[in-house]
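Structure first, then comments.
Just so you know, all these numbers are worked out from the coordinates, no wet-lab data involved. Just so it is clear, the model here is predicted, and its values are computed rather than measured. Using ideal geometry, Cβ is built from the backbone for each residue, glycine included, and neighbour counts are taken over all protein chains shown.
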Amino acid sequence: MRPRRLPPCLAGTALSAALLLLLLLLCTSSSYPPLLAWPSSSGASLPAPPPPRAEWGPARPPSFAYWISGTGGDARRVLRLLRAVYHPRNRYLLHLDAGAGDEERKALAAAVRGEEPAWREFRNVDVVGHRYAVDPTGSSALAAVLHGAAVLLKVGPHWDWLLTLSAEDYPLVTQDDLLYAFSSVPRDLNFIDHTRDLGWKEHERFEKIIVDPSLYMDRNTEPFLSKETRQMPDAFQIFTGSPWLILSRSFTEHCVHGGDNLPRKLLMYFANTAYSMESYFQTLICNSSDFRNTTVNADLRYFVWDDPPGLDPLVLNESHFQNIVNSTAAFARRFEDDAPVLKKMDDEVLNRSPVQLVPEVWCRNLGKEQRGVASESCLKWGDINTFRPGRAGEKLRQFISEISQTRGCG
């Protein structure tokens, strides 16, 4: 019997699924080291550990691994965001997709190496040097986050949560506040906005099949729709929600290295799903008996949506400022580059200038005169194992403690 050939449109979807799986395998392979900012991070060996004064463990403060992404022209925004969320206890991986040129990517890595003494001292900021395409509406965005997770697991042995940000995001609390708030909850919790009420998405997202050329092209390319459709799955239940995540280290390891077949099977399915970043992690965690009861239904982000809501939240400005600071969120989006509201947040929330790190317990000399000149950089290190939260940290801690009482995917 002659083998049956797939229709061209289905052959294309199979190709995109295979490419997505191959990309994940390449990301997790030790033979595919990322090109990073620090020379010690780009070889086969792990980067130098943080200074010995950093203390780790269940009785010590937590730590975050930040995946911060951008596109062409975003290098300066990414650096501003990095300064706003920097703390020596955390790990940071910065990524500019194929929309950015090699020179912009190299300039970002050079800034990480040279602009802040703290970044040179603690060596906890890296830049992905490998160029690949990403389209936020397709599965290439999911592949990029899984790549970032795999790299952060490799280079950072101590972090507790993976936190995803883009160049359009900004923090509403200091890292002292954030570390303090998260020190009150178990470190296996996952903060994922999710629902099983699919509504219009059932037909528009999950029955329709797309192909994301950014998986196999060298430039950012919009997905195209297949003529074929597919039935809703009955081997697992689909959940959807926000693409912005705070994942525990244990669940992140499950996504990248999990021993059962569910992460791979779902990866193949969502390779041909529009906006797969809004469904893959939700579906995986809510169909996993080991992790579904570690799920908190919140992403700790502040958005403003149009009515009826569009595909993206509204751009925030100064008219939203009071509602932003009164919220119980840790981050907000979307912001335009150099928007006046960002300066207002720097001045009134983070107590810093746009070119400074945030003054915290680990670095108290920011903005103070040294030899007659106001310091714009942190030049002396304090205790990085302690923090001094403000009122925003207390409010966030109480909110996280409250919402963490209800867990699961019911």
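Could you tell me the ratio Rg/Rh of the stretch 223-265? Both radii from Cα atoms, Rh via Kirkwood.
1.05
Suppose each label sits 7 Å from its Cα in the direction of the beta carbon; what would the Arg391-Asp338 distance come out to in nanometres?
For Arg391 paired with Asp338, the spin-label model returns 3.3 nm.
With a Förster radius of 25 Å, plug the Cβ-Cβ distance of His130 and His257 into 1/(1 + (r/R0)^6) and report the FRET value to the nearest 0.05. Intermediate values should be presented prior to the final figure.
Working: r = 20 Å, r/R0 = 0.81.
E(calc), rounded to 0.05, equals 0.75.
Rounded to a whole number, what is D in µm²/s for the stretch 99-239 from Stokes-Einstein with the Kirkwood radius over alpha-carbon pairs (20 °C, 1.002 mPa s)?
It comes out at roughly 114 µm²/s.
Using θ = phi - 60° and the Karplus curve 6.51 cos²θ - 1.76 cosθ + 1.60, what whole-Hz ³J(HN,Hα) does each residue of the stretch 232-242 get, with Gly and Pro shown as x?
5, x, 10, 7, 7, 9, 7, 10, 9, x, 7
For the pairs Lys106/Lys265; Lys201/Lys343; Lys154/Lys395; Lys201/Lys265; Lys265/Lys395, note any where the Cα-Cα span goes beyond 30 Å.
Lys106/Lys265; Lys201/Lys343; Lys154/Lys395; Lys265/Lys395
Taking 0.36 nm per residue of sequence separation and subtracting the Cα-Cα distance, how much length would be gained by fully extending the chain between Asp218 and Asp102, in nm to one decimal?
40.5 nm
Under the Karplus relation 6.51 cos²θ - 1.76 cosθ + 1.60, θ = phi - 60°, what is the ordered set of whole-Hz ³J(HN,Hα) values for the stretch 138-146, x standing for Gly and Pro?
Each residue's phi maps through the Karplus curve to give x, 7, 5, 5, 5, 4, 5, 5, 5 Hz.
Run the simple label-point estimate for Val361 and Asp312 please: 7 Å along Cα→C-beta, distance reported in nm.
That separation, rounded to one decimal, is 3.9 nm.
From Cα coordinates alone, what are the radius of gyration and Dmax values for the stretch 193-252 in angstrom?
According to the Cα coordinates of the stretch 193-252, Rg and Dmax are 14.6, 39 Å.
Could you list, bin by bin from short to long, the percent of Cα-Cα pairs of the stretch 300-356 in 5 Å steps?
4, 18, 28, 27, 15, 5, 3, 1
Report the relative contact order of the stretch 230-358, percent, no decimals, based on alpha-carbon pairs under 8 angstrom and at least 6 residues apart.
19 percent
What is the calculated FRET efficiency for Glu204 to Asp347, with r their C-beta to C-beta distance and R₀ = 51 Å, to the nearest 0.05?
Using R0 = 51 Å, I get an efficiency of 0.75.
So what is the relative contact order for the stretch 78-126, in percent, with contacts set as C-alpha pairs under 8 Å and at least six apart?
Taking the mean separation of contacting Cα pairs over the length of the stretch 78-126, I get 46 percent.
Using alpha carbon centroids, what distance separates the stretch 145-222 and the stretch 83-107, in Å?
Centre-to-centre (Cα) distance: 16 Å.
Viscosity 1.306 mPa s, temperature 10 °C: what is the translational diffusion coefficient of the stretch 253-358 from Stokes-Einstein with a Kirkwood Rh over Cα pairs, rounded to a whole number of µm²/s? Mind dumping the intermediate values first?
Numbers: Rh = 16.9 Å.
Value of D from the Cα-based Kirkwood radius: 94 µm²/s.
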